[in-house]
Amino acid sequence: MHPLDTIRLEVLTDGHQELYASPGDRSFSARHPMSFAGSGMLSDGVFGQYMREILTSGYISNAYQGEEEIAGRRLARYDYRLPLLWSGQAIRTLEGSGKVGLHGSYWVDPRTYDVVRMELNADSIPPALPIAEWVTNIQYARTVVSHTLTVLLPESAEVRSERFNGEISVNRMEFTHCRTFSAETNVVFDAAAAADQPARFGVSSVDDTLRPLPAGLQIAVKLRTRITDDMAVGQLIDGVVAGDVMAKRKPVIAAGSPVRGRIRRLERYTDPFPYFVVALEFTEVQAEGIRYRFYADPVDIQPIAGVEQKLWTEDRSETAKFFDGGSLTRQRRENLFLYDLPGVVSFFFKATKLELPQDFRTVWKTRLVAP
């Protein structure tokens, strides 16, 4: 598979529908995300709608299948089926669209009851659609959306579609920098009190969006949280700015300013050798009482033992023998790499046990929110 293009969108949900906008745009639309792209495959419904439909619908049949180990975590698996008659899922192609049923599985952490992973497979696909297979996989994790609220949200998703002619399309989504908006309404029924306190009337909007930082700032961050393999995805982490951040010869963020984030990914593998996949997501930095959005690209990682940004795996030798008595031995190698995301540093850690020091250092460069 070869990546064709990258599209960055903002998605807004109230729990019932999804709205989309270009980064930095104040106008959200209910149009399908394909309206923002010229070609390829894009999907909607991933940011919350599938979880609500499958876990709260009275038309779903569920069956407990026991526990499984996935990426080093012991999870409880449930199989489900949503019949075509009650499904709201539709597949849209250039040839047309049609309603489909759903079946699949979801995996739950038995300690916290959080859904960690969900798989959706389309069935009862209309014969008029040239689709042989349609599969969606969604990863969930605890996400900080404000300084007082942490919720379970999708972290990443992948949609795979295969046509009858063998053509395969994949749409991979990553969600970062989630935040919340709310409103407060005060109603006073006492007319006299209303005249004395007019400020109590009306609706006040509470915007918890962090302030943006100028683009091009270089920020070095040192961890203050010790990262180990017994921690959970979604766990909050802290860091500090390692040195003064300058802009136009003036300090914008002082050394020692707090940086906050979470563990985005922590997976353990043993084949072909022991290693971990680690991702740390930083979402905000605070300077002089002002909270800023940490929207930056990782540019450097401290070179400590075990940390690798790419990983070469080597399969066992394969030997082919020929009729004339000769033979050919070859080894297959695979290059593993991780996607770069704003505010997220991802890397491999080659060891049987994960332990990052508290002063583990990363360097970032801020980017504009709007394209």
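Can you name every residue in the stretch 225-264 that is within 18 Å of I70 (Cα to Cα) and crowded, with 20+ Cβ neighbours inside 10 Å? Within the stretch 225-264, V233, G234, I263, R264 meet the criteria. If you go through the stretch 123-166 and keep only what is more than 30 Å from R260 (Cα to Cα), of a type in the set (A, V, I, L, M) and either touching a residue at least 40 places away in the same chain (Cβ under 8 Å) or touching a Cys at 6+ places or on another chain (Cβ under 7 Å) (or both), you end up with I131, V159.
Only one of the listed residues (R142, R160, R117) is basic (K, R) and modelled with pLDDT under 90. That residue is R142.
Restricting the search to the stretch 12-62, which residues are closer than 21 Å to E155 by Cβ and part of a helix (DSSP H, G or I)? P33, Q49, Y50, M51, R52, E53, I54, L55, T56 - these are the residues of the stretch 12-62 that are closer than 21 Å to E155 by Cβ and part of a helix (DSSP H, G or I).
Which members of the stretch 53-69 meet the condition of being over 20 Å from H103 (Cβ atoms) and either without any contact (Cβ under 8 Å) to a residue 24 or more places away in the chain or buried (at least 16 other Cβ atoms within 10 Å of the Cβ) (or both)? Spell out how you get there, then give the answer.
So the first thing to find is which residues in the stretch 53-69 are over 20 Å from H103 (Cβ atoms), and the list is 67, 69.
Scanning the stretch 53-69 gives a single hit, E69.
Given the condition within 25 Å of G104 (Cα to Cα) and either under 18 Å from the mean Cα position of the chain (by Cα) or exposed (fewer than 13 other Cβ atoms within 10 Å of the Cβ) (or both), answer yes or no: does some residue in the stretch 1-9 qualify? Yes - at least one qualifying residue is present in the stretch 1-9.
Once the stretch 15-46 is narrowed to residues that are of a type in the set (A, V, I, L, M) and within 24 Å of E119 (Cα to Cα), the residue that is modelled with the highest pLDDT is L19. Where strands (runs of 3 or more DSSP E) sit wholly within the stretch 93-183, those with at least 1 residues that are touching a Phe, Trp or Tyr at 6+ places or on another chain (Cβ under 6 Å) and surrounded by fewer than 17 Cβ atoms within 10 Å (Cβ to Cβ) occupy 131-146.
Looking across V46, V115, one residue alone is aliphatic (A, V, I, L, M), in contact with a Leu (Cβ under 8 Å, 6 or more places away or on another chain) and closer than 30 Å to F276 by Cβ. It is V115. Just for the stretch 215-268: of the residues that are of a type in the set (S, T, N, Q) and closer than 17 Å to R73 by Cα, which one is modelled with the lowest pLDDT? Per the criteria, the residue is Q235. Taking the numbered list (1) of a type outside the set (V, I, T); (2) within 24 Å of E162 (Cβ to Cβ); (3) surrounded by 15 or more Cβ atoms within 10 Å (Cβ to Cβ); (4) without any contact (Cβ under 8 Å) to a residue 40 or more places away in the chain in turn, Y50 passes all entries but (4).
Every listed requirement among (1) assigned by TED's automatic domain parsing to the domain that holds L129; (2) of a type outside the set (V, I, T); (3) at pLDDT below 80 is met by A199 save one, (1).
Within the group S61, S43, which residue is in the same structural domain as G166 (by TED's automatic domain parsing), hydroxyl-bearing (S, T, Y) and under 29 Å from I168 (Cβ atoms)?
On the way: S61 fails: under 29 Å from I168 (Cβ atoms).
Of the residues listed, the single one that is in the same structural domain as G166 (by TED's automatic domain parsing), hydroxyl-bearing (S, T, Y) and under 29 Å from I168 (Cβ atoms) is S43.
Among residues of the stretch 233-260 that are in contact (Cβ under 8 Å) with a residue 60 or more places away in the chain, those with a Cβ under 9 angstrom from a residue that is among the polar types (S, T, N, Q) and surrounded by 13 or more Cβ atoms within 10 Å (Cβ to Cβ), sequence gap 6+ or separate chain, pair up as V233/Q139; G234/T143; G234/T150; Q235/T225; L236/T150; L236/T225; R260/T283; R260/Q286. Of all the numbered requirements in (1) at pLDDT 90 or above; (2) outside the structural domain of P130 (by TED's automatic domain parsing), L102 misses one, and that requirement is (2).
Could you list all residues from the stretch 261-310 that are among the β-branched types (V, I, T) and free of Cβ contacts under 8 Å to residues at least 40 places away in the same chain?
If we filter the stretch 261-310 for residues that are among the β-branched types (V, I, T), which is where we start, we get 263, 270, 277-278, 283, 285, 290, 299, 301, 304, 307.
Of everything in the stretch 261-310, those that are among the β-branched types (V, I, T) and free of Cβ contacts under 8 Å to residues at least 40 places away in the same chain turn out to be I263, T270.
The values are calculated or read from the model by the stated rules, or taken from the named source; none is laboratory data. What you are looking at is a predicted structure, and each value in this text was computed from that prediction instead of being measured. Glycine also receives a Cβ, built like all others from the backbone with ideal geometry; neighbour counts cover every protein chain displayed.
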